[in-house]
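Worksheet for the structure shown next.
The values are calculated or read from the model by the stated rules, or taken from the named source; none is laboratory data. Since the model is a prediction, treat every value here as computed from it, not as a measurement. Note: ideal-geometry Cβ built from the backbone for every residue, glycine included; neighbour counts use all protein chains shown.
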């Protein structure tokens, strides 16, 4: 348990130091390999070295801080350091700094663990700068690399990666290494939804993660003069996109109440008030715990694209994310249920509707997640909020879990 007021102040100081990097922006902005991202990972390395942890950085910029144990087994915790554009304070960062806090206090109170304790700060999870989600954990766990991607300003992933990572790897006493896969992985995270707040529970024990698919849909019509082109002679890409989005959302509701359907990005060309839109690109994000439901809806998308009324308007879809549903380790889940009860924390078992690095880690190592409430269920937004008592509860349960696993 966090009993020492000074320890909590240290956590708050570390937290403020990272979030102040985005003081001149709306919300938090630590897009992968950006200057704020580099500064945050640099600060984390320094935090770890100050308390005697061994720092490692791999070629994707994942940071590993180890408290060496008496044997070769590794018990890991962590989350991601990057944010969405104009994101909140707690998404990802809480799991990183909460994990550091847990390792710091366990080291001080219990000394050298039997198994090495490792904090991981994954380089990227959100996919906000480049269209590649979980690139950090996929590189670490699955040895997958990103190929031929550029951001909205034309900067290549490879250039951004090499420039940013070289800085981290040149820091004093940093070992350039991708370490071994841990024997278990526990991710502490805010819920990013309203269920814990609604049920008045302090802790969410995550049994798995929904599968998700993401698509870019392109509608190619014909630009023309807004005043001189008759309504019955138009090939308006935006009007076709609007009709298509409405139809797909309706079918999503019909297919399953728990299927989520989101159009989060839309680009109109030429985007001029007096020109009929000629091209529209929009994204579709669908998520469900049953992969067969996602398969069914993908069929619906493909069928609906062939039903566009205007034969001169072409619609295509490109899927760029296909993540299967994940089930987490039942032994770790059961252990955390018992520990939460011992700590007097009200907890509920739940499936995560958001993707996390734990999704990737569960493919190579026994994995579990601990959620704490998000006030109002708000996340990925500047007004994201988790109260101090809930932050402490999550860290306390993480400490107990890591102690049970590593000592």
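At-a-glance table
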{"read-out": "Residue check, residue 262 surrounded by fewer than 19 Cβ atoms within 10 Å (Cβ to Cβ) and either outside the structural domain of residue 126 (by TED's automatic domain parsing) or modelled with pLDDT under 95 (or both)", "value": "yes"}
{"read-out": "Sole exception among (1) surrounded by fewer than 16 Cβ atoms within 10 Å (Cβ to Cβ); (2) at pLDDT 95 or above; (3) not in a loop (DSSP other than H, G, I, E, B) for residue 298, by number", "value": "(1)"}
{"read-out": "Criterion (surrounded by 16 or more Cβ atoms within 10 Å (Cβ to Cβ), in contact with a strand residue (DSSP E or B) (Cβ under 9 Å, 6 or more places away or on another chain), in contact (Cβ under 8 Å) with a residue 12 or more places away in the chain and closer than 19 Å to residue 141 by Cβ) met by exactly one of 366, 373", "value": "366"}
{"read-out": "Tally, over region 338-347, of residues that are surrounded by fewer than 16 Cβ atoms within 10 Å (Cβ to Cβ) and in contact with a strand residue (DSSP E or B) (Cβ under 9 Å, 6 or more places away or on another chain)", "value": "2"}
{"read-out": "Residues of region 136-159 satisfying the condition of being in contact with a strand residue (DSSP E or B) (Cβ under 9 Å, 6 or more places away or on another chain) and not in a helix (DSSP H, G or I)", "value": "148, 149, 150, 156"}
{"read-out": "Residue check, residue 189 crowded, with 21+ Cβ neighbours inside 10 Å and assigned to a strand (DSSP E or B)", "value": "yes"}
{"read-out": "So residue 62, is it assigned by TED's automatic domain parsing to the domain that holds residue 170, surrounded by 18 or more Cβ atoms within 10 Å (Cβ to Cβ) and either under 22 Å from residue 126 (Cα atoms) or within 23 Å of the chain's Cα centre (by Cα) (or both)", "value": "yes"}
{"read-out": "Yes/no for residue 288 being outside the structural domain of residue 359 (by TED's automatic domain parsing), over 25 Å from residue 361 (Cβ atoms) and buried (at least 16 other Cβ atoms within 10 Å of the Cβ)", "value": "no"}
{"read-out": "Residue match in region 81-101 (condition: closer than 23 Å to residue 388 by Cβ, over 19 Å from the mean Cα position of the chain (by Cα) and at pLDDT 95 or above)", "value": "yes"}
{"read-out": "Complete set of residues in region 39-49 that are surrounded by 20 or more Cβ atoms within 10 Å (Cβ to Cβ) and touching a helix residue (DSSP H, G or I) at 6+ places or on another chain (Cβ under 6 Å)", "value": "40, 41, 47"}
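Condition check ((1) in the same structural domain as residue 318 (by TED's automatic domain parsing); (2) touching a residue at least 40 places away in the same chain (Cβ under 8 Å); (3) part of a helix (DSSP H, G or I); (4) surrounded by 16 or more Cβ atoms within 10 Å (Cβ to Cβ)) across all residues:
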{"site": "217", "(1), (2), (3), (4)": "yes, yes, no, yes"}
{"site": "229", "(1), (2), (3), (4)": "yes, yes, no, yes"}
{"site": "240", "(1), (2), (3), (4)": "yes, yes, yes, yes"}
{"site": "244", "(1), (2), (3), (4)": "yes, yes, yes, yes"}
{"site": "250", "(1), (2), (3), (4)": "yes, no, yes, no"}
